[in-house]
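Peer 1: Below: one structure in structure tokens.
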Amino acid sequence: MKNVLIINGHQKYPFVAEGNLTQAYIDTATEFFKENGFNVKHSVVESAYDIKEELEKFAWADYILFQYPIYWMGVPWITKKYIDEIFSMGKDTVTYVSDGRTRSDATKRYGSGGLMQGKKYMLSLTYNCPTTEFDNKEGFFSGLSLDEANVATHKTFQFCGAEPLETFSVHDIFKGDLDLEKEKARFSAHLAKNFK
């Protein structure tokens, strides 16, 4: 179990979001995985990807690292398009069989029909908001944790049977005092913790 798919979920907006920060994290992760004996494949949501090839990557992967910026409290719209296309087209082969329920067995629960059991995923997120807005009843997210604020992405993977690794995030990216080398070192340490 040494195959990792790194998904670049960035969507470019000139002058605001060029993709350099996302790429810096992807480059750091690629270097980390190769140095630690992982086989690495990449996907880029803002490309002319082939759905069949993407599904083959998902089938191949033991781990998925999903790197993306938070736009308006969620994934960029092109990233949502990628999720919708890949996860939907993987029905019966890669991602899920059904929602898990059956008429013949009332004990089967919604969200238990995934095909990605044994696979693990990690979210790596870039945010403009500070960390103080999470786990804070007075904060913007009304007490939600980082993972609770990103529940839709987590539930998508859970629906398909994949297990989460600890989420990574970097904050205050537009403040101008982001120490990228320090943050990349923190990211590498996080990867080492998750991918022992």
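The values are calculated or read from the model by the stated rules, or taken from the named source; none is laboratory data. Here the structure is a predicted model, which means the values were calculated and not measured. Because the Cβ atoms are built from the backbone with ideal geometry, glycine has one as well, and the counts that use them run over all protein chains shown. These accessible areas exclude ligands, DNA and RNA; they are computed on the full protein's heavy atoms, side chains included. Shrake-Rupley method; radii C 1.70, N 1.55, O 1.52, S 1.80 Å.
Peer 1: Of the residues 23, 11, which is within 20 Å of residue 184 (Cβ to Cβ) and not acidic (Asp, Glu)?
Peer 2: The match here is 23.
Peer 1: Right, another one. Within the stretch 162-196, can you find the residues that are aromatic (Phe, Trp, Tyr) and surrounded by 18 or more Cβ atoms within 10 Å (Cβ to Cβ)?
Peer 2: Residues satisfying the conditions are 168, 187, 195.
Peer 1: Within the set of pairs 6+ apart or on separate chains, which have a first residue in the stretch 169-196 that is in contact (Cβ under 8 Å) with a residue 12 or more places away in the chain, a second that is open to solvent by 50 Å² or more (accessible area, probe 1.4 Å) and assigned to a helix (DSSP H, G or I), and C-beta atoms under 7 Å apart?
Peer 2: 171/131
Peer 1: Show me the helices (runs of 4 or more DSSP H) found entirely inside the stretch 126-196 where at least 3 residues are out of contact with any strand residue (DSSP E or B) (no Cβ under 9 Å at 6 or more places or on another chain).
Peer 2: Those helices (runs of 4 or more DSSP H) span 151-159, 180-194.
Peer 1: Do any helices (runs of 4 or more DSSP H) entirely within the stretch 1-103 hold 3 or more residues that are surrounded by fewer than 19 Cβ atoms within 10 Å (Cβ to Cβ), out of contact with any strand residue (DSSP E or B) (no Cβ under 8 Å at 6 or more places or on another chain) and β-branched (Val, Ile, Thr), and if so, which?
Peer 2: Working: elements: 20-35, 51-60, 77-89.
Fully inside the stretch 1-103 and qualifying: nothing.
Peer 1: Among residues belonging to the stretch 151-161 that are touching a residue at least 40 places away in the same chain (Cβ under 8 Å) and surrounded by fewer than 16 Cβ atoms within 10 Å (Cβ to Cβ), point out the one that is nearest to residue 22 (Cα to Cα).
Peer 2: At the first step, the residues of the stretch 151-161 found to be touching a residue at least 40 places away in the same chain (Cβ under 8 Å) are 152-153, 155-161.
Right, trim to surrounded by fewer than 16 Cβ atoms within 10 Å (Cβ to Cβ) and you get 152, 155.
Values: 152: 20, 155: 23 Å.
Checked the stretch 151-161; the qualifying residue nearest to residue 22 (Cα to Cα) is 152.
Peer 1: Pairs, please: C-beta under 9 Å, at least 6 apart or cross-chain, first residue closer than 16 Å to residue 10 by Cα and in the stretch 30-48, second open to solvent by 80 Å² or more (accessible area, probe 1.4 Å) and modelled with pLDDT under 95?
Peer 2: 46/12
Peer 1: Of the residues that sit in the stretch 106-123 and are in a loop (DSSP other than H, G, I, E, B) and not small (Gly, Ala, Ser), which one is least open to solvent (accessible area, probe 1.4 Å)? First the steps, then the outcome.
Peer 2: Initial filter on the stretch 106-123 (in a loop (DSSP other than H, G, I, E, B)): 106-113, 115-119.
Keeping just the survivors that are not small (Gly, Ala, Ser) gives 107-110, 115-117, 119.
Numbers: 107: 104, 108: 100, 109: 175, 110: 149, 115: 63, 116: 1, 117: 112, 119: 29 Å².
Restricting to residues being in a loop (DSSP other than H, G, I, E, B) and not small (Gly, Ala, Ser), the top hit is 116.
Peer 1: From the residues in the stretch 124-150 that are on the phi > 0 side of the Ramachandran plot and not hydroxyl-bearing (Ser, Thr, Tyr), which one is least open to solvent (accessible area, probe 1.4 Å)?
Peer 2: Of everything passing the filter in the stretch 124-150, 143 is least open to solvent (accessible area, probe 1.4 Å).
Peer 1: Could you tell me which numbered condition residue 99 fails, if it satisfies all but one of (1) at pLDDT below 95; (2) out of contact with any helix residue (DSSP H, G or I) (no Cβ under 8 Å at 6 or more places or on another chain)?
Peer 2: (2)
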